[in-house]
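The values are calculated or read from the model by the stated rules, or taken from the named source; none is laboratory data. The structure presented is a predicted model; accordingly, all values stated were derived computationally and were not measured. Quick reminder, even Gly has a Cβ in these numbers, built from the backbone with ideal geometry, and neighbours come from all protein chains shown.
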């Protein structure tokens with residue numbers, strides 16, 4: 001396992017976490033299950049066990065082998081199934097009943113088949129039923145009642161009987177007291193095809209989650225939600241009645257026009273633009289290349305307000321192509337507006353998995369949800385991103401936390417990230433660094449205000465208003481006061497000076513127009529001398545030319 005941590009300057013540093021298993025891993029999902037400020041990694045393959053890399057710092061980890069983990073794992077999820085503030089595990093079993101583990105304080109995970117009654121459904125007693133054929137999963141509040149429900153996409157090779165339960169999708173509805181009942185047929189999504197993955201997103205901006213299912217025996221299937229979690233198929237005429245060997249499918253607003261688009265991978269990969277009227281149009285050449293995209297993950301990697309895509313490629317079925325490197329596709333963007341929310345749980349799990357964000361405006365009502373594991377064993381960004389098109393205001397943003405709390409923000413500023421923490425009231429907090437660059441062997445002290453009840457630093461340290469760091473990175477803190485109010489600080493970036501050649505960061509369009517400028521910022525150093533003669537870290541360029549900078553390393 002390798003994890004690439006992104007630094008303050010946007011570059012990545014590779015940390016190796018050793019060999020997870022000698023077998024291929026079919027599913028992987030990521031979340032901070034022990035609430036220590038570091039994401040952890042769950043994975044599993046073909047009867048090699050289910051593994052958790054419990055990470056406590058970049059490159060520092062212990063491996064946890066889950067009890068009762070001998071299974072052929074497919075997709076997986078971290079989700080707070082019983083809503084106790086700790087993330088649980090759901091792991092799809094290809095050959096038998098899926099498995100669950102319950103999270104608890106101290107970072108323990110215990111086998112917990114009682115979390116959902118997975119053998120209690122209408123066709124459970126069907127002849128030869130072993131509850132197998134479990135592939136794609138999503139935890140989602142499909143009926144908009146404030147608690148998570150669960151969709152399980154079913155597929156079983158060599159089973160041709162369309163009424164065999166091993167290939168009939170399941171939708172488990174939560175009654176609000178963490179009691180789940182299977183209702184796929186009653187709610188219109190138990191169609192009788194070989195399904196692979198599922199995604200939920202609001203295709204028509206009416207504030208509920210519509211449903212997309214990939215199949216291997218028919219076309220893509222699109223279902224419209226009536227707002228109460230009952231679905232009507234609208235595939236015909238939608239532009240999505242296409243066939244293929246689908247492996248992943250995700251809906252996200254790639255062009256920030258206010259409507260979620262669709263990208264899928266598998267035997268081929270395609271991009272479909274949402275036309276805003278419940279129809280989609282395929283657009284060619286969005287992700288060009290000679291090989292086939294097999295898997296993907298989405299997020300705004302450079303924090304410019306547009307969704308980027310990380311893709312892996314393969315030869316056939318699910319075999320990776322070792323001669324074709326993974327590609328990070330960076331979105332070129334456009335002039336459309338956007339807004340993004342990053343949530344931090346306090347009473348709920350720290351990643352706020354299961355929380356939703358609803359925004360309203362002249363664009364209608366849009367909704368997003370935080371999920372840890374979706375489609376076929378992938379995890380995308382936890383940030384809730386919304387495209388706004390030409391809209392210049394958001395009237396309200398409502399965050400619905402798993403704990404039941406709601407946070408309402410009036411007129412949040414657009415074209416920026418909003419970090420929101422879960423608390424009945426908010427306090428402002430600012431942290432400071434003794435320095436923003438340090439030499440090898442030295443350290444930097446980060447300090448928060450005194451007098452708060454609790455302190456939780458982003459690197460996992462708690463209980464102190466200051467920390468000493470010896471590793472470059474982005475740092476922040478979550479605090480609470482005696483009244484239970486919480487605050488999330490600014491992010492402070494510190495850099496270890498390594499003596500490398502200087503770099504220049506560009507802010508602005510390299511094609512200068514009359515009256516425009518470009519801001520050039522050199523990397524951290526003791527002093528700078530630009531080819532223009534200026535001696536500051538940052539210069540403003542208003543005319544064309546070739547520019548360079550020389551630096552004196554502050555460590556030597």
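Observations on the structure shown:
- Counting the residues of the stretch 223-264 that are more than 23 Å from the chain's Cα centre (by Cα), part of a loop (DSSP other than H, G, I, E, B) and farther than 17 Å from residue 138 by Cα gives 15.
- With a requirement of 3 or more residues that are more than 30 Å from residue 14 (Cα to Cα), under 19 Å from the mean Cα position of the chain (by Cα) and in contact (Cβ under 8 Å) with a residue 60 or more places away in the chain, none of the strands (runs of 3 or more DSSP E) lying completely within the stretch 58-149 satisfies it.
- When residue 176 is tested against (1) under 26 Å from residue 355 (Cα atoms); (2) modelled with pLDDT of 95 or more, just one condition goes unmet, and that condition is (2).
- Pick from the stretch 43-54, criterion touching a strand residue (DSSP E or B) at 6+ places or on another chain (Cβ under 7 Å) and either touching a residue at least 60 places away in the same chain (Cβ under 8 Å) or not in a strand (DSSP E or B) (or both), ranking: surrounded by the most Cβ atoms within 10 Å (Cβ to Cβ): 49
- Some residue of the stretch 515-524 being surrounded by 15 or more Cβ atoms within 10 Å (Cβ to Cβ), outside the structural domain of residue 436 (by TED's automatic domain parsing), in contact (Cβ under 8 Å) with a residue 60 or more places away in the chain and over 30 Å from residue 454 (Cβ atoms): yes
- Residue in the stretch 488-499 that is closer than 30 Å to residue 364 by Cβ, in a strand (DSSP E or B), touching a strand residue (DSSP E or B) at 6+ places or on another chain (Cβ under 7 Å) and touching a residue at least 40 places away in the same chain (Cβ under 8 Å) present: yes
- Test: residue 358 is out of contact with any helix residue (DSSP H, G or I) (no Cβ under 6 Å at 6 or more places or on another chain), part of a strand (DSSP E or B) and not assigned by TED's automatic domain parsing to the domain that holds residue 286: yes
- Residue 288 fulfils the conditions (1) modelled with pLDDT under 95; (2) out of contact with any strand residue (DSSP E or B) (no Cβ under 6 Å at 6 or more places or on another chain); (3) at positive phi except for a single criterion, (3).
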